[in-house]
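Note sheet for the following structure.
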Amino acid sequence: QVQLVESGGGLVQAGGSLRLSCAASGRTLSGYHMGWFRQAPGKEREFVVCISWSRGYTYYAESVKGRFTISRDNAKNAVHLQMDSLKPEDAALYYCAASSRTTMTRVPDVEYWGQGTQVTVSA
């Protein structure tokens, strides 16, 4: 079993930055995609970004491309999300996710979820 624990959420003004982190425990995530989804109140959970294990291939949602950067530390079983130029519409509960499937861009692709960390962006 895998446990994912997020940290780094908080309140920031529009245009500001936050860095989220996710630490995995329970087993090594060799071969797993890791990434982030988010869910705003009244909306469905949506894909944000993912990164592959071996070659670090990344895939971003169009809404965050150029503003968010994902990175991972395989030795520490961790993934980070640098969020710059934040907008009010980025406010949501951000979930760390992991999957051994070939892709991880849809909610059904995810095998493990964290509890979420709140990101609030004031206008």
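The values are calculated or read from the model by the stated rules, or taken from the named source; none is laboratory data. Please read these numbers as outputs of a predicted model, since none were measured by experiment. Cβ atoms come from the backbone with ideal geometry, glycine included; neighbour counts cover every protein chain shown. Each accessible area value is taken on the protein alone, full model and side chains, heavy atoms only, with ligands, DNA and RNA left out. Shrake-Rupley method; radii C 1.70, N 1.55, O 1.52, S 1.80 Å.
Accessible area per residue of the range 70-122 at 1.4 Å probe, in Å²?
On the way: 2400 Å² over 53 residues.
Accessible area per residue, the range 70-122: 45 Å².
Specify the longest stretch of the chain that does not include any exposed loop site, a site being one of the GluC sites (Glu not before Pro) with a non-H, G, I, E, B DSSP assignment and at most 14 other Cβ atoms within 10 Å. All intermediate terms of the calculation are to be shown ahead of the outcome.
On the way: sites that count: 44, 62, 111.
Between the exposed loop sites, the longest stretch runs 63-110.
Roll a 1.4 Å probe over the protein heavy atoms and report the accessible area of residue 73 in Å², nearest 10.
Residue 73 has an accessible surface of roughly 50 Å² with all protein chains in place.
How much length is gained if the chain between residue 115 and residue 5 is pulled fully straight, taking 0.36 nm per residue apart and subtracting their Cα-Cα distance, in nm to one decimal? Can you show the working numbers first?
On the way: separation 110, 0.36 × 110 = 39.60 nm, distance 0.68 nm.
Extending this stretch completely gives an extra 38.9 nm.
Mind checking the full-extension length gain between residue 74 and residue 14? Use 0.36 nm per residue of separation minus the Cα-Cα distance, one decimal, nm. Numbers along the way, then the final one.
Values: separation 60, 0.36 × 60 = 21.60 nm, distance 3.15 nm.
Contour length minus the Cα-Cα distance gives 18.4 nm.
Would you mind calculating the relative contact order of the chain from Cα pairs under 8 angstrom and at least 6 residues apart, reporting the percent as a whole number? Spell out each step's value before the answer.
Details: 308 pairs, mean separation 43.3, N = 123.
Once divided by the residue count of the chain, the mean separation gives 35 percent.
May I ask you to derive the FRET efficiency for residue 57 and residue 89 from their Cβ-Cβ distance with R0 = 22 Å, giving the value to the nearest 0.05? Each step should come with its number before you reach the end.
Details: r = 26 Å, r/R0 = 1.20.
So, using R0 = 22 Å, E works out to roughly 0.25.
Principal axis lengths of the chain from Cα atoms, whole Å, largest first?
Result for the chain: principal-axis Cα extents of 40, 27, 24 Å.
Considering only DSSP beta bridges whose two residues both sit in the chain, what percent are antiparallel, to the nearest 5?
Numbers: 37 of 41 bridges.
Taking every DSSP beta bridge within the chain, about 90 percent pair in antiparallel fashion.
Using 0.36 nm per residue, how much length does the chain from residue 65 to residue 39 gain when fully extended, once their Cα-Cα distance is taken away?
Values: separation 26, 0.36 × 26 = 9.36 nm, distance 1.75 nm.
Roughly 7.6 nm would be gained on extension.
Could you give the distance between the Cα centres of the range 44-72 and the range 100-123, to the whole Å?
Distance between centres, Cα-based: 10 Å.
Give the lysines whose C-alpha is closer than 23 Å to that of residue 43, dropping any in the same chain fewer than 8 places away, or say none.
Result set, ordered by chain and number: 65, 87.
Could you look at the range 1-90 and say what percent of its accessible area is carbon and sulfur, using a 1.4 Å probe and all protein chains? Walk me through the intermediate numbers first.
Numbers: 2280 of 4760 Å².
Carbon and sulfur together cover 48 percent of it.
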